1. What's the extension gain from Arg120 to Lys49 if we count 0.36 nm per residue and subtract their Cα-Cα distance?
2. Using the Cα atoms of the range 197-257, I'd like the radius of gyration and the largest Cα-Cα distance, Dmax, both in angstrom.
3. Once you charge only the Cβ atoms, +1 for Lys and Arg and -1 for Asp and Glu, what is the size of the charge dipole of the range 197-257 about its Cα centre, to the nearest 20 debye?
4. Apply the Karplus curve 6.51 cos²θ - 1.76 cosθ + 1.60, θ = phi - 60°, to the phi angles in the range 79-84 and return the couplings in whole Hz, x for Gly and Pro.
5. For Ala56 and Thr78, what does the FRET efficiency come to when R0 = 41 Å and r is the distance between their Cβ atoms, rounded to the nearest 0.05?
6. Out of the range 61-170, which GluC sites (Glu not before Pro) are coil in DSSP terms and have no more than 16 other C-beta atoms within 10 Å?
Amino acid sequence: MGKPKTTRPRRASAAARKAPRAPAKRALAPALKKRADALRAAAQARARKRGRAAVAHIRELREHIADDYFDIGQALVTLGDEDVVRALGYDDRATMLRAELDLSVTTADKLVELATRVDRSVLRTLDQERAAAVLALVDATPEPDTFEGLLTKPFALPGGEEPMDLRAAPVEAIKGAARTLRQGRVPPGKRGKGFTTTPEERAAFAEAIAPVERDRGLRAATTFRLVASRKGHGPVVEVRIPLRMFDAAVRLLAKGK
């Protein structure tokens, strides 16, 4: 008898060897969907509560900040007294402010302006930069406007542009409006109302500091700033320069005359 035939197992085809497909996702059962929606809503409610608490806290802190810079402005009025400055051992207010408080005269004057011309309760609703910008706009308008009055309604811009909400508009836009109004009212060579300088003063300033600006080393380390003033002597120049470069800068400035 011959040997019985044996059958060899067939090799699985390439298609059969492939991993089985994952079953198609089924929609969540109504109960599970309801549970998921409830969890999502609860998470949103918690996030909303945290956000509202943060907003309330910031508003409260902002009121304290307004009170703080109002009180600082009031104290700076005292430090504007020349007798007080000399009693503290300084020859001038600018030096005293820098040494004692690291404040520039410009910043101090802005704080004094706010504290002496704007009600504390109004300042609590605005940040310092916005309040200063609105005050500059008050000074620039040709009408006898008040700080509070400008905040009550949209401000009509020159040139027929869309009125501006001073509580919401960008601070730079408010400053720009004040600058435009001042420049439109100031005759050549005259000083306008508010803190500003004339084109002639800015040109003279640029010419005066040009020798230092042309020196690469001094230019990188020195800061010049032209600051407008209401006083009769006109604008002042604020300078910050390393002591070791002071003599070189003075020689260049003197040579440029």
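Just so it is clear, none of the values below were taken in a lab; they were calculated from the coordinates. Given the structure is predicted, the values throughout are model-derived calculations rather than measurements. Neighbour counts are summed over all protein chains in view; Cβ atoms, including those assigned to glycine, are modelled from backbone coordinates with ideal geometry.
1. On the way: separation 71, 0.36 × 71 = 25.56 nm, distance 3.03 nm.
This chain segment gains 22.5 nm when fully extended.
2. My reading of the Cα-based Rg and Dmax gives 12.1, 35 Å.
3. Details: 12 positive and 7 negative charges, 32 e Å.
Computed about the Cα centre, the dipole is about 160 debye.
4. 6, x, 6, 4, 5, 5
5. On the way: r = 35 Å, r/R0 = 0.84.
Using R0 = 41 Å, I get an efficiency of 0.75.
6. Taking the range 61-170 and a limit of 16 other Cβ atoms within 10 Å, the loop GluC sites (Glu not before Pro) found are Glu161.
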